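A short worksheet on the structure shown next.
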Amino acid sequence: MLHQFWAAAPKSYKILVFAAMGLIAVGLILNITGNVTANQGLMIASLPVIGLGLVLHMVGLVVRGQRVRKNIPK
């Protein structure tokens, strides 16, 4: 079950994972761009985007954990 989780994962988990990765990537790009251009507003604006990506990642871990726990034979 664990090694084939992605193939059998619910659509909500896949959406959470890709949204989290996308937000973290956008936040990092904004932060790097802000640092290169010395734009402090852009640097600060990137932090909530990265934070939201991390929160979505944690929610995805919870969803996956619940799904795996539910499918463990007792």
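Values in this text are rule-based calculations from the coordinates and carry no lab data. Treat the numbers as computed from the prediction; the structure is a model and nothing was measured. A quick note on method: Cβ atoms are made from the backbone with ideal geometry, for glycine too, and the neighbour counts reach across all protein chains shown.
What ranking do 47-57, 33-43 get when scored by the average of other Cβ atoms within 10 Å per residue, highest first? Working shown, then result.
Working: 47-57: 15.5, 33-43: 12.1.
With the highest mean Cβ count within 10 Å placed first, the list reads 47-57, 33-43.
Mind sorting 29, 72, 24 by how few other Cβ atoms lie within 10 Å of their own Cβ, fewest first? The partial results should precede the final answer.
Details: 29 12, 72 8, 24 18.
Lowest count first: 72, 29, 24.
Just the Kirkwood number for the range 11-71, please: inverse of mean 1/r across all distinct Cα pairs, in Å, one decimal.
Result for the range 11-71, one decimal place: 12.3 Å.
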Relative contact order of the chain, pairs being alpha-carbon contacts under 8 Å that are 6 or more residues apart, as %: 36 percent
